[in-house]
Amino acid sequence: MDQTFIKDLLCRGVIGITDRERAQPQDILVNVILFSDITRAGQTDALSDCANYRTVAKNILSHIEKTSRSTVEALATDLARICLDEPGVQKVRVRVEKPGAVRFAASVGVEIERSNKDFKG
């Protein structure tokens, strides 16, 4: 399966469980890989045959700015659903990081892989 990616999308949002973490928005780093078949897009050169990474990025930014989550696991799941709403996307890998959240670590976070079947039911 082909991959379209968004690398190091820097967002600002409220995430965490402590009062300090929830007091104001903090940096959240997002990486996404959209899995789809882009054979037709390569032949037609038409945006309508592509997974639109600009739309996905805008939806991710908007969601993070509007939402407050306690865990990166819940936020990553939210973002996976958003990505899978994009036409043609069959599977997604989402990595959510909180830079500087742990002393002496550049970043901490989670990476998940989901497909539409994970959200049925």
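The values are calculated or read from the model by the stated rules, or taken from the named source; none is laboratory data. Note that the structure is a prediction, hence the values are computed from the model and not measured. Cβ coordinates were reconstructed from backbone atoms using ideal geometry, including for glycine residues, and neighbour counts include every protein chain displayed. Calculation scope for accessible area: heavy atoms of the full protein, side chains included, ligands and nucleic acids excluded. Shrake-Rupley method; radii C 1.70, N 1.55, O 1.52, S 1.80 Å.
I'm trying to understand the selection: among the residues of the stretch 1-58, which are assigned to a helix (DSSP H, G or I), open to solvent by 60 Å² or more (accessible area, probe 1.4 Å) and over 25 Å from PRO87 (Cβ atoms)?
Within the stretch 1-58, ASP19, ARG20, ARG22, ALA23 qualify.
Pairs needed: first member in the stretch 14-28, farther than 14 Å from SER62 by Cα; second member anywhere, of a type in the set (Val, Ile, Thr); C-beta distance under 7 Å; at least 6 residues apart or different chains.
Close Cβ pairs satisfying both conditions: ILE15/ILE28; ILE15/VAL72; GLU21/ILE15; ARG22/VAL14; GLN26/ILE15.
Suppose we keep only residues that are open to solvent by less than 60 Å² (accessible area, probe 1.4 Å) and without any contact (Cβ under 8 Å) to a residue 40 or more places away in the chain within the stretch 74-95. Which one would you say is nearest to ASP27 (Cα to Cα)?
Step by step, filter the stretch 74-95, then rank; the result is ALA76.
Matching residues to (1) at pLDDT 95 or above; (2) touching a Gly at 6+ places or on another chain (Cβ under 7 Å); (3) farther than 12 Å from ASN31 by Cα; (4) not basic (Lys, Arg):
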{"site": "LEU47", "(1), (2), (3), (4)": "no, no, yes, yes"}
{"site": "ILE60", "(1), (2), (3), (4)": "yes, no, no, yes"}
{"site": "VAL72", "(1), (2), (3), (4)": "yes, yes, yes, yes"}
{"site": "GLU97", "(1), (2), (3), (4)": "yes, yes, no, yes"}
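What are the residue pairs meeting all of these: first residue in the stretch 60-72, first residue under 12 Å from LEU10 (Cα atoms), second residue open to solvent by 40 Å² or more (accessible area, probe 1.4 Å), Cβ atoms under 9 Å, and 6 or more apart or on different chains?
LEU61/ARG12; ILE64/ARG12; ILE64/PRO25; GLU65/ARG12; GLU65/PRO25
Being within 16 Å of ILE15 (Cβ to Cβ) and open to solvent by 40 Å² or more (accessible area, probe 1.4 Å) is the filter here; which residues of the stretch 96-106 pass it?
Once the filter is applied, which keeps residues that are within 16 Å of ILE15 (Cβ to Cβ) and open to solvent by 40 Å² or more (accessible area, probe 1.4 Å), the stretch 96-106 yields PRO99, GLY100, ALA101, VAL102.
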